[in-house]
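**Q** Structure in structure tokens, see below.
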């Protein structure tokens with residue numbers, strides 16, 4: 001499958017609003033592969049949590065690595081980030097039915113609130129593996145929030161690793177069909193609510209950054225700025241660098 005280049009209107013929407021709907025960018029065969037890998041890893045993890053996070057699986061799965069490195073969405077990154085692009089994070093997020101406890105809700109946050117990228121041209125692409133809307137916990141975005149820069153994040157509670165930022169208003173729900181995606185800035189505030197259906201809500205997202213950027217953890221006052229491509233999880237997907245990139249055909 002080949003994704004159509006983003007239009008000028010889509011690029012302007014991304015720059016102004018901090019997010020853009022990509023439409024269908026996963027074909028049926030690839031979607032089946034990614035779903036199958038989600039089921040495999042879910043069984044291996046055997047988690048009883050209402051929201052299950054499984055990260056950096058491209059290191060252990062050829063279909064996932066191939067999708068992250070060569071998927072139809074990859075050429076769009078040149079339009080959104082630039083000529084040199086690093087892929088450096090990926091995660092399945094499976095939200096189980098949870099209409100009552102509230103434990104599966106993910107509060108407002110910026111991805112850069114966990115790990116900051118400088119310059120902040122990094123992008124998260126969130127793919128729906130099932131049809132998603134307000135009923136089953138789609139992602140919500142806060143338009144234009146990326147223009148506020150990096151905000152101060154606090155833990156949701158003393159025993160919770162979720163970070164959160166107070167936000168006024170509900171934001172905008174990203175209603176997606178299976179195989180569709182939404183791209184948003186690492187500075188765009190986003191969240192997901194509860195899954196009120198009787199079926200799991202499966203999603204997969206990836207983070208990409210300018211390959212020449214640096215990263216650090218905002219919570220660490222003495223954090224060292226480290227080149228993104230020095231991360232053991234980083235892969236060069238577009239362009240080239242002044243030092244040898246990781247071998248894109250090797251699984252670690």
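**Q** Between residue 154 and residue 230, what length in nm is gained on full extension when 0.36 nm per residue of separation is reduced by their alpha carbon distance? Write down the numbers at each step before the final one.
**A** On the way: separation 76, 0.36 × 76 = 27.36 nm, distance 2.78 nm.
Stretched out fully, the residue 154 to residue 230 stretch lengthens by 24.6 nm.
**Q** Continuing with the same structure: Please give the length that would be gained between residue 175 and residue 13 if that part of the chain were fully extended, namely 0.36 nm times their separation in residues minus their C-alpha to C-alpha distance (nm, one decimal).
**A** Working it through step by step, the gained length comes to 56.6 nm.
**Q** Continuing with this model, one more query. Helix-only mean residue ellipticity at 222 nm, the chain, DSSP H runs n ≥ 4 weighted -39,500 (n - 2.57), per residue, nearest 500. What is it?
**A** Working: 4 runs with 44 residues, N = 252.
For the chain, the value works out to -5500 deg cm²/dmol.
**Q** Something else now. When a/c reaches 1.5 or more, the comparison of a/b and b/c decides; with that in mind, is segment 8-238 rounded, prolate or oblate per its Cα gyration tensor? List each step's numbers first, then the result.
**A** Values: a/c = 1.28, a/b = 1.10, b/c = 1.17.
Cα axes put segment 8-238 in the rounded bin.
**Q** Pick out which of 164, 197, 188 has the largest mean-square fluctuation in a Gaussian network model of the chain, springs linking Cα atoms closer than 10 Å.
**A** 197
**Q** Pick from 191, 199, 175 the residue whose mean-square fluctuation is largest in a GNM of the chain, springs joining Cα atoms under 10 Å.
**A** Residue with maximal mean-square fluctuation among 191, 199, 175: 199.
**Q** Test of understanding: what is the full-extension gain from residue 40 to residue 60, defined as 0.36 nm times their sequence separation minus their Cα-Cα distance?
**A** Computed gain between residue 40 and residue 60 is 6.0 nm.
**Q** For the residue pair residue 221 and residue 240, what label-to-label distance in nm results when each label sits 7 Å from Cα along the Cα-to-beta-carbon direction?
**A** About 4.5 nm, to one decimal.
**Q** Also, I was wondering about something else. Using a Gaussian network model of the chain whose springs link C-alpha atoms within less than 10 Å, name the residue from 189, 241, 150 with the highest mean-square fluctuation.
**A** 241
**Q** Oh, and also: Name the shape class, rounded, prolate or oblate, that the alpha-carbon gyration tensor gives for segment 168-225, where a ≥ b ≥ c are the square roots of its eigenvalues, rounded holds for a/c under 1.5, and otherwise prolate holds if a/b is larger than b/c and oblate otherwise.
**A** Prolate, since a/c reaches 1.5 and a/b exceeds b/c.
**Q** List residues of segment 98-141, by number, whose backbone nitrogen lies under 19 Å from a label position 7 Å along Cα→C-beta of residue 21.
**A** What the label zone holds, given the 19 Å backbone N cut-off, is 124-141.
**Q** Order of 130-137, 85-92, 217-224 by packing, highest average Cβ count within 10 Å first?
**A** Per-residue mean Cβ counts within 10 Å order the peptides as 85-92, 130-137, 217-224.
A short reminder: the numbers here are calculations on the coordinates, not readings from a lab. Keep in mind that this is a model prediction, so the values were computed, not measured. Positions of Cβ are backbone-derived with ideal geometry, glycine not excepted, and every protein chain shown enters the neighbour counts.
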